[in-house]
Amino acid sequence: MNELLRDFAKLKEQKTTVAVQFIETELGLALTFCEIAASTDNSEKRQRNVRNAHKAYQGAKETLEQLAIDKQVRATVDSLVARVRDRLAVLGVL
């Protein structure tokens with residue numbers, strides 16, 4: 001039974017690590033889409049990239065809401081969330 005609990009704890013830790021990587025990837029994509037949207041004069045391309053940025057941002061936020069992470073990791077992720085939120089606000093989304 002003790003081994004089963006250790007395995008469960010290890011799997012839970014791995015799940016958290018993968019979830020944080022997912023969040024960071026989504027937020028990185030959101031920043032990239034924001035940069036593309038801000039740099040184009042093509043309104044269709046701008047709208048598409050703004051939508052993609054917002055979708056990635058929302059996916060990261062939804063995952064983050066379901067996750068219990070330590071304060072240091074949370075601070076890093078929150079900083080990245082704030083950067084994306086600010087970029088989206090400049091683009092008129094938030």
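The values are calculated or read from the model by the stated rules, or taken from the named source; none is laboratory data. All of these numbers come straight from a predicted model, not from anything done at the bench. All Cβ positions, even for glycine, are placed from backbone atoms using ideal geometry, and neighbour counts span all protein chains on display.
At a glance:
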| read-out | value |
| --- | --- |
| Any hit, region 27-36, residues being modelled with pLDDT of 95 or more, surrounded by 14 or more Cβ atoms within 10 Å (Cβ to Cβ), in contact with an Asp or Glu (Cβ under 8 Å, 6 or more places away or on another chain) and closer than 20 Å to T16 by Cβ | no |
| Matching entry among I23, I69 (being more than 28 Å from V90 (Cα to Cα) and either touching a Ser or Thr at 6+ places or on another chain (Cβ under 6 Å) or surrounded by 15 or more Cβ atoms within 10 Å (Cβ to Cβ) (or both)) | I69 |
| Yes/no for L64 being in contact with a His (Cβ under 8 Å, 6 or more places away or on another chain) and either among the β-branched types (V, I, T) or surrounded by 15 or more Cβ atoms within 10 Å (Cβ to Cβ) (or both) | no |
| Test: residue in region 3-14 that is part of a helix (DSSP H, G or I) and either of a type in the set (V, I, T) or surrounded by 14 or more Cβ atoms within 10 Å (Cβ to Cβ) (or both) | no |
| Close pairs from region 54-73: first in a loop (DSSP other than H, G, I, E, B), partner modelled with pLDDT of 95 or more and of a type outside the set (D, E), Cβ under 7 Å, at least 6 apart | L67/A19; I69/V20 |
